[in-house]
Amino acid sequence: MNAPLPLDALQAQTLTEAVADACNRIAPSWPLDRFIAVNPHWGWIDRPIADAAATVGVLAGMTLLPDAAPLRRLLLADMAGRRDAVVHQISQHCAAFFDDGQARWHAAVDVGLYAGWRRQLPHDRGTAWPPRRAAALAVLADWPADPMAAVDAALERLQVPVEGRSACLSAWLMDLNGWASACAWRHWQAGLAQQEAHDLRLDLLAMRATWDVLLADALPGPQVEEWARAWATVPAAIAVERARQSAGWDRMAEREQAAQREVMAAMTGTASARAVPQAPRVQAVFCIDVRSEPLRRALEAADPSIHTRGFAGFFGLPATHRPLGTDWQQPQMPGLLAPTLTIDDGPADRSLGEALAARRRARMSAAAVWDGWRGVPAHGFGFVESCGLLYAADLLRQSLPSTAGAASWQAAGLSADEAARLRPAVQIDAAAGARLAAGVLRAMGLVASFAPLLLLCGHGGQSANNPHAAGLDCGACGGQTGEVNARALAELLNDPKVRDALRAQGIDIPAGTHVLAGLHSTTTDEVKLYDTAAVPAALCGHLEALRQALAAAGNAVRAERAPGLGLPAMPAPALQRALQERANHWAETRPEWALADNAAFVAAPRARTRGSDLGGRVFLHDYDHRLDPDRGVLTLILTAPMVVAHWINLQYLASSVDPQRQGSGNKLLHNVVGGGVGVFEGNGGDLRVGLPWQSVHDGVQLRHTPRRLSVFVEAPCEAIDGVIAAQETVRRLVDHGWLHLLAIEGDAVDAKGDDGPPRFMTRLAGGGWREAAC
C-alpha cells in the first residue's frame, strides 16, 4: 500500500468538505432524560426521499420501506469478519468517555475522544485483534494524532478513489450510527447556543476509519484493492437500488392517499356537527399531540360550553426550568429552539423559598454521600449483606399493584407538602411579559372573546422502569411534561400588570377571565388541575362543571383506548384503576401507544374538525388565516410545529420498518449507558437510537402504519407558496417528498350555518397545485 501523501491546500479543502458532508448526514439523537422524536434521516432532506432511501440502503443497509432488505456495502471490517468486534470496542470506549455519573471509575476525558481511544487501544486485551496484531500495533504507533489527518491517512492507505470518498466516509460513520447520532446532538446543542466546539463526529469517524486500516493487513492485497475500487461504483449501485424500491414507494403512496381521504372525509361532514353551539364558558387549549384529539372530542361532547383549541404544548415559552435549590436547568421547549427565558420554582413567600432551597440542598447532599458510599465497588457485597433487608419493604411495596404514581425527579429532596407549595414562574418584567404573552395569544388565534375560564392543558406520560419514559412526555417541551410551561404561562396571563400592558398590544383579557393550568396524563387519560384555590369564587361553578366534564371525557377515552391495550370491557372506575396500575407496573412494556399510527397534521380552525372522530391519529393546530394578514403565524406553524410532527412521523416510520438499524430494539434487553446517553441492547454493540420495538408492535402485529405525514393547512395556496419559497427547510420537506402538503380552500364555519364543503388542493413536488380526490 502507498504511504500517506502530504496534504496540500486543495486536498485539505476537499477532504474537509467531504468529512463535513458525511458528518452532517447524521441526525442528532437526544439523551434519555429529554428523549424526543427525530427524523433519523434529517441530514438527507436535501435529496428526494426515494434517492435518500436508496443511498442509505446501499451505504448502511437502512430502509424506509416495509419488507425491503437492501444489501449493505461491506466495509473492510465486515470482510475480515470483525465488524461486531470493532463496533463493540469503539462503543465501549464511547460509553466510558461520555459517562455522566453512572460509573464510579471514569476514563480520562481530558485528551479528547479520538486521542483517548488511540492511547488506550494498544493496551486493550479484551479486543479480538486480527492474526497480525503486532503489525496492527506498529501501524497504530505511527498513526496521526490529529483526527482529520487520520481520516486522510486511512483513505490514502486504503486507496479509496477520490470519487468514492464521500460515500466511504458516510458508510464508516453510519456503521456507528448510534454514537454518531449522540455526537451529532452535542454539535446541534452547540449550534443552538452559537458556540464553537470540536465536532466529535470527526473523532468517531477517525476511529472507525483507523480500524479498517488495522484490519487491512489481515486480508489479501487484491481483495483490499477490489474493495477500494468498488467505491467508485456507488452511484450506479444507488440507481439500481432506487429502481428496485420504486414499487415500494408506490405502495406507500397508496396507503398515504387512503389516510388523506379519511381525514378529508372527516372534515367534509355536516356543518351542523362542526358549528359552535353556544358561547363558551371554558376555553381549553391542548397540545397538538395526537393523543389530545380523543380527549378534546370527548370533552366537547360531554359539555358543549367547553371549546377546545390546539397549540404546541410548550405554550410558546422557549425556556429552561430551574428547580428550586438546584443548579440544574432542564430545557422545556422543542429541540429546534434555543432558550431565551428561565422558569424558576418558588412559593409566594420568598423567605419560605430560601428555607426550602436550603433544606433541599442539604437533603440532596446527604443522599449523594449515601449513594456514593454504597456504590463504591469494594462495598458491594458487604453493603448488600448488612443493609439489603432495609430495602425489602420498599421493593415489595413497589412490586405490588398500585394506583399512586411515583414522584417526579423535579420533586427530589422535597416532601409532597413542600413540593405542592412551589409554583413555576417566568422571570420577566411586565412589559416584556406582555410582549411575550401577545405573541403567544396571537399564535393561538386567541385575541378576543375570552371565556370566563381559560384552561392551558399540557400533557405527560406515566410509566415505571422505563428508560424511554421521556418519549411518552411532550416533545414540544423537550421530552418533559407540559406542567411547568402551562403553569408559568397561566401565572403570566393572570398577572394584572401584564394584562394592563397587554391592552397596549391590542389584547384585552377581561377582568372576569381566569387562566388555569392542567396536565393530561396520556397513559390514564386523567387531567390534574393546578392552583385551583386561586380561581375566583364567581367562577367556582365553571370550575366544577369543567371537572365533571373532564371526568366524563376521561371515562369515554379510556373505554375507547382499552381494546387497543388488550383490556376487556369493564365499568369505568375499574378501567381507571386498571390503567393506573398499568402505568405503575415495573414489568409493563407497553404502558400506552403514545403517538403510534400518527398520520396527519391539520392547521385550521377547530370548526373544521369539531365533532369528527379522527382516531387519535391527527395533530390538530388551531389556525385562522383571516387573523394572520402578514402570514407570520403561518410561517411559524410550518417551520416549527409541522417540522416537529414530521420528526415524530419519520421516527415512528423508521423504527417500524427498520427496527434493527433505526429502532432501539427489545426493551427487555436494554441497559442504560453513561447515566442516560442512550441504551445498549444487551451489554454492547452500537448505541441504540429510535423507538423500542414494543412501542410500535404489540407482539402480533405492527401498531403503527408506516407512512409519511400528510399536512392540511387552511390557507390560500399563494400564502403557503410564499412560506415555502422563503423557508429552505420547508421547501426541502415538501418538494423532496418527505411529507405531503394539502391546502384547504373555503373558510370553516365559526357559528351555526353552512359555507359549503371545503376544497382540497395537493402541493406538487417542485411547485403547483392540483385538486385532491376526496
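For (1) touching a Pro at 6+ places or on another chain (Cβ under 8 Å); (2) crowded, with 19+ Cβ neighbours inside 10 Å; (3) closer than 13 Å to Leu454 by Cβ; (4) among the polar types (S, T, N, Q), each residue gets a yes or a no:
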{"position": "Leu502", "(1), (2), (3), (4)": "no, yes, no, no"}
{"position": "Asp508", "(1), (2), (3), (4)": "no, no, no, no"}
{"position": "Leu516", "(1), (2), (3), (4)": "no, yes, yes, no"}
{"position": "Thr524", "(1), (2), (3), (4)": "no, yes, no, yes"}
{"position": "Thr532", "(1), (2), (3), (4)": "no, no, no, yes"}
{"position": "His542", "(1), (2), (3), (4)": "yes, yes, yes, no"}
{"position": "Ala549", "(1), (2), (3), (4)": "no, yes, no, no"}
{"position": "Asn555", "(1), (2), (3), (4)": "no, no, no, yes"}
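When region 700-717 is filtered for residues that are part of a loop (DSSP other than H, G, I, E, B) and touching a residue at least 12 places away in the same chain (Cβ under 8 Å), the ones remaining, listed by number, are Arg703, His704, Thr705, Pro706, Arg707, Arg708, Leu709, Ala715, Pro716. Can you confirm whether Gly611 is over 23 Å from the mean Cα position of the chain (by Cα) and either open to solvent by 40 Å² or more (accessible area, probe 1.4 Å) or hydroxyl-bearing (Ser, Thr, Tyr) (or both)? It is true that Gly611 is over 23 Å from the mean Cα position of the chain (by Cα) and either open to solvent by 40 Å² or more (accessible area, probe 1.4 Å) or hydroxyl-bearing (Ser, Thr, Tyr) (or both).
A single member of Gln120, Gln159 is at positive phi, open to solvent by 40 Å² or more (accessible area, probe 1.4 Å) and not small (Gly, Ala, Ser), and it is Gln159.
Has region 87-104 got at least one residue that is hydroxyl-bearing (Ser, Thr, Tyr), assigned to a helix (DSSP H, G or I), at pLDDT 95 or above and at negative phi? Among the residues of region 87-104, at least one is hydroxyl-bearing (Ser, Thr, Tyr), assigned to a helix (DSSP H, G or I), at pLDDT 95 or above and at negative phi, which makes the answer yes.
When we screen Ala135, Ala171, Ala141 for residues that are touching an Asp or Glu at 6+ places or on another chain (Cβ under 6 Å) and either under 25 Å from His41 (Cα atoms) or at pLDDT below 95 (or both), the only hit is Ala135.
Hey, any hits in region 631-638 for a residue that's open to solvent by less than 10 Å² (accessible area, probe 1.4 Å) and either closer than 18 Å to Gly43 by Cβ or under 18 Å from the mean Cα position of the chain (by Cα) (or both)? Looking for residues that are open to solvent by less than 10 Å² (accessible area, probe 1.4 Å) and either closer than 18 Å to Gly43 by Cβ or under 18 Å from the mean Cα position of the chain (by Cα) (or both), one finds at least one in region 631-638, hence yes. Checking Arg208, Arg186, Arg229, Arg201 one by one, the residue that is basic (Lys, Arg), buried (at least 21 other Cβ atoms within 10 Å of the Cβ) and either farther than 30 Å from Asp67 by Cα or over 33 Å from the mean Cα position of the chain (by Cα) (or both) is Arg201 and no other. When region 116-136 is examined, which residues are found to be of a type outside the set (S, T, N, Q) and in a helix (DSSP H, G or I)? Within region 116-136, Gly116, Trp117, Arg118, Arg119, Leu121, Pro122, His123, Arg133, Ala134, Ala135, Ala136 qualify.
Being at pLDDT below 90, assigned to a helix (DSSP H, G or I) and closer than 28 Å to Asp146 by Cα, is that true of even one residue in region 47-69? Taking every residue of region 47-69 in turn, none turns out to be at pLDDT below 90, assigned to a helix (DSSP H, G or I) and closer than 28 Å to Asp146 by Cα. A single member of Ala438, Ala443 is among the aliphatic types (A, V, I, L, M), within 30 Å of Ile648 (Cα to Cα) and surrounded by fewer than 21 Cβ atoms within 10 Å (Cβ to Cβ), and it is Ala438. Of the strands (runs of 3 or more DSSP E) contained entirely in region 306-350, those carrying at least 2 residues that are in contact with a His (Cβ under 9 Å, 6 or more places away or on another chain) fall at 306-311, 341-346.
Where in region 610-695 are there helices (runs of 4 or more DSSP H), lying fully within it, with 1 or more residues that are within 29 Å of Ile744 (Cα to Cα)? Correct list: 632-639, 641-657. Of all the numbered requirements in (1) crowded, with 18+ Cβ neighbours inside 10 Å; (2) part of a helix (DSSP H, G or I); (3) modelled with pLDDT under 95, Ala298 misses one, and that requirement is (3).
Got at least one residue in region 649-666 being in contact with a helix residue (DSSP H, G or I) (Cβ under 6 Å, 6 or more places away or on another chain) and among the basic types (Lys, Arg)? No, region 649-666 contains no residue that is in contact with a helix residue (DSSP H, G or I) (Cβ under 6 Å, 6 or more places away or on another chain) and among the basic types (Lys, Arg). What single numbered condition from (1) modelled with pLDDT of 95 or more; (2) within 25 Å of Val58 (Cβ to Cβ) fails to hold for Met264? Every listed condition holds for Met264 apart from (2). Screening the candidates Gly541, Gly506 for the property of being over 34 Å from the mean Cα position of the chain (by Cα) and in a helix (DSSP H, G or I) yields one hit, Gly541. When region 327-350 is filtered for residues that are of a type in the set (Val, Ile, Thr), open to solvent by 10 Å² or more (accessible area, probe 1.4 Å) and in contact (Cβ under 8 Å) with a residue 60 or more places away in the chain, only Thr342 remains. Can you name the residue in region 21-41 that is open to solvent by 40 Å² or more (accessible area, probe 1.4 Å) and modelled with pLDDT of 95 or more and is also farthest from Pro144 (Cα to Cα) among such residues? For region 21-41, the residue satisfying everything is Asn24. Going by the conditions given, is Ala596 open to solvent by less than 50 Å² (accessible area, probe 1.4 Å), within 20 Å of Val290 (Cα to Cα) and modelled with pLDDT of 95 or more? So Ala596 passes the test.
This table checks each residue for (1) closer than 28 Å to Leu636 by Cα; (2) modelled with pLDDT of 95 or more; (3) crowded, with 23+ Cβ neighbours inside 10 Å.
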| site | (1), (2), (3) |
| --- | --- |
| His670 | no, yes, no |
| Gly674 | no, no, no |
| Gly678 | no, yes, yes |
| Asn683 | no, no, no |
| Leu687 | no, yes, yes |
| Pro692 | no, yes, yes |
| Ser695 | no, yes, yes |
| Val711 | yes, yes, yes |
| Cys717 | yes, yes, no |
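The values are calculated or read from the model by the stated rules, or taken from the named source; none is laboratory data. Just so you know, these numbers come straight off a predicted model, no measurement behind them. For neighbour counting, all protein chains shown are included, and Cβ atoms are generated from backbone atoms with ideal geometry for every residue, glycine included. Accessible surface areas use protein heavy atoms only, side chains included; no ligands, DNA or RNA. Shrake-Rupley method; radii C 1.70, N 1.55, O 1.52, S 1.80 Å.
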